[in-house]
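> Dropping a structure here in structure tokens format, bear with me for questions.
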Amino acid sequence: MNLATELASYVHSVNYRDIPEKVLHETKKRVIDSLGCAIGAFEAEPVKASRKVAEAVVAREGGTMFGTRRRTAPDLAAFVNGIMVRYFDYNDTYLSKEPAHPSDNIGPCFSVAESDGSTGRDLLLSIVLAYEIQCRLCDAADIRHRGWDHVCYGLASTALAAGRLMGLTVEKMTQAVNLALNSHVTMRQVRAGELSMWKGCSFANAARNGVFSTLLAREGMTGPSPIFEGEMGFFKQVSGPLQLNVDGFGGRNGSFKIAETYLKFFPAEIHSQTAIWAAMEVRKKVEKPDDIESVEIAAHEAGYTILGKDPEKWNPLTKETADHSLAYIVAMTLLEGRIDNSTYSKRKFRDPRVLDFLKKITVVEDKNLSAMYPEAVPNRVTVKLKSGEVVSKQVDYHKGHPKNPMSDGEVEEKFRRLTRKYLSKNQTVRVLDVVWGLERVKDISKVASLITLK
């Protein structure tokens, strides 16, 4: 049996009753977290652009674009909703051989679930399975060092989750994976150098293609096979050889991966989270920023490579570059004592005072920290003051890491903080109540109606 069929067989075989209560609870936390990120990003430029394109296609039985009453084709709804979840870089993360943002699957799962009249239980199952597929692929092979974006794995996860929601056979789900992977592999250039709006859209586009491929497979379209093992397949062209033991997945002999993903306390790339906490501790011992002579950020390899090696990170021209710059994020923590969505306003990242401060900062890889990754995500911030005093702090596990988890209350407060501009207090209470009781929801469109903004 080829890998695409093995994955399809696995997704087809797992049922809602196979998911432990603790895993369901963690899934609901991630739904709340993701919906908060999505609603908060309602007016972001990439969201408005994608919504304008999607509005041209009206589908009465389609998926609702979050925050609106408008339904569009499920693949286009997956695109818009996926961008909304991802835009702030505030949604969850999984770190392994390949890092990823598995909550990128949540918007697409909502879109397909609504299009197909699914229940809350159907949605929860699809999300758990999407996380499982993407995270297990991330465990199997590193593709970023080969020049490919992690969202390539999302082609398989969204296609299979959509196939399960649509009630497809194993054969048709296999064809959905074949179609998605052959036609839509994504280059890593999206996260190199100066970053564009597309940084937050890359997975959403993978999801759009994953859902579209599944719609085609439902109607009988076939795709190239074997897509992983073939002469010109994924192993040879993208990932290199990899081994996946499907029998060790959640619902069989293993535990579900969704509970191992990392939530974010701050709106910043995951590899910077511990650096923010470290910089906050250092700042307590610095009377004023003008006293700082130099700052060294010692990072692990992934943090250095993704956030600290490109010169553009010291002179950010876009929001996307700023929120992927370890130097900028630490600078703003030291200067302002906080990181929030306003941190990435153009007024701040182009402020001459900030740009001057960035010249004091260096980022280096510490091999000892790299050896701790990905089990820990360590960063060390060392500040040398003009007085000659040196202040240093290392943090290994950020708030939101499975070893330092965010509580239900902290996740709810994050939701309120992100949505207070758009949702009334009564709306917020209703949304939280419905999501915590998602298994009782008979029609997912109820959730979409609760977050209608206009």
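> Can you give me the Cα centroid spacing of segment 265-319 and segment 357-425 in angstrom?
9
> In Å, the Kirkwood hydrodynamic radius of segment 197-254 over pairs of distinct alpha carbons?
By the Kirkwood definition, the hydrodynamic radius is 14.1 Å.
> How long, wide and thick is the chain, going by the Cα atoms along their three principal axes, in whole angstroms, largest first?
Answer, in whole Å and largest first: 71, 53, 40 Å.
> Which whole-number percentage describes the relative contact order of segment 374-420, with Cα contacts under 8 Å and a sequence gap of 6 or more?
26
> Oh, and also: Compute the helix-to-body angle for 74-86: its Cα long axis versus the longest principal axis of the chain, expressed 0 to 90° and rounded to tens.
Value to nearest ten degrees: 20.
> How long are the three semi-axes of the equivalent ellipsoid for segment 255-298, computed from the Cα gyration tensor as the root of 5 times each eigenvalue, in whole Å, largest first?
Equivalent ellipsoid semi-axes, largest first: 31, 10, 8 Å.
> Taking the alpha carbon gyration tensor of segment 24-122, what are the square roots of 5 times its eigenvalues, largest first, to the nearest whole Å?
On the way: eigenvalues 95, 56, 25 Å².
Semi-axis lengths for segment 24-122 are 22, 17, 11 Å.
> So, one more: Of all beta bridges DSSP finds with both residues in the chain, what is the antiparallel percent, to the nearest 5?
75
> Summarise the long-distance tail of P(r) for segment 353-399 by giving the % of C-alpha pairs beyond 16 Å.
54
> Another question about this same structure. Can you compute the radius of gyration and Dmax for segment 72-141, using only the Cα atoms, both in Å?
Rg, Dmax (Cα atoms, Å): 12.5, 36.
> Now for a different question. Taking the DSSP beta bridges in segment 270-395 as the whole, what percent of them are antiparallel, to the nearest 5? List each step's numbers first, then the result.
Values: 13 of 18 bridges.
Around 70 percent of the beta bridges assigned by DSSP in segment 270-395 are antiparallel ones.
> Also, quick follow-up: Show me, bin by bin at 10 Å from 0, the whole-percent P(r) of segment 181-338 based on Cα pairs.
Result returned by the calculation: 9, 25, 29, 21, 12, 4, 1.
> Go ahead and estimate [θ] at 222 nm for the chain from helices alone: -39,500 (n - 2.57) per DSSP H run with n ≥ 4, summed, over the residue count, rounded to 500.
-14000 deg cm²/dmol
> Among 24-31, 107-114, how do they line up from the highest to the lowest mean number of other beta-carbon atoms within 10 Å? Intermediate values should be presented prior to the final figure.
On the way: 24-31: 21.0, 107-114: 31.4.
Peptide ranking by packing, descending: 107-114, 24-31.
> Continuing with this model, one more query. I need the peptides 285-294, 314-323 ranked by packing, meaning the mean over residues of other C-beta atoms within 10 angstrom, with the highest value on top.
Values: 285-294: 12.9, 314-323: 21.2.
Taking the mean over residues of other Cβ atoms within 10 Å, the ranking is 314-323, 285-294.
> Can you give me the Kirkwood hydrodynamic radius for segment 270-395, using every pair of distinct Cα atoms, in Å to one decimal?
Its Kirkwood hydrodynamic radius stands at 14.2 Å.
> Per the Kirkwood formula on distinct C-alpha pairs, the Rh of segment 291-358 is how many angstrom?
On the way: mean 1/r = 0.0829 Å⁻¹.
12.1 Å is the Kirkwood radius here.
> How about K425: which lysines have a C-alpha closer than 17 Å to its C-alpha, ignoring those fewer than 8 places off in the same chain?
K414, K454
> Something else now. Measure nothing but the geometry: give the 0 to 90° angle between the long axis through the Cα atoms of 120-140 and the longest principal axis through the Cα atoms of the chain, rounded to 10°.
In the chain, helix 120-140 runs at an angle near 60 degrees to the longest axis.
> Here's another thing I want to ask about it. By a straight-distance test (C-alpha under 19 Å), which lysines pair with K346 as possible cross-link partners, with residues fewer than eight away in the same chain excluded?
K346 reaches K48, K199, K313, K319, K359.
> Determine, for each peptide in 181-188, 373-380, the mean count of other beta carbons within 10 angstrom over its residues, then list the peptides with the highest first.
In descending order of packing, they fall as 373-380, 181-188.
> What angle do you read, to the nearest 10 degrees and between 0 and 90, between the alpha-carbon axis of helix 202-218 and the longest principal axis of the chain?
10
We did not get these values from a lab; they are worked out from the coordinates using the rules stated. It should be emphasised that the depicted structure is a prediction, and the values quoted were computed from it without experimental measurement. Here Cβ is always computed from backbone atoms with ideal geometry, including for glycine, and neighbour counts include all displayed protein chains.
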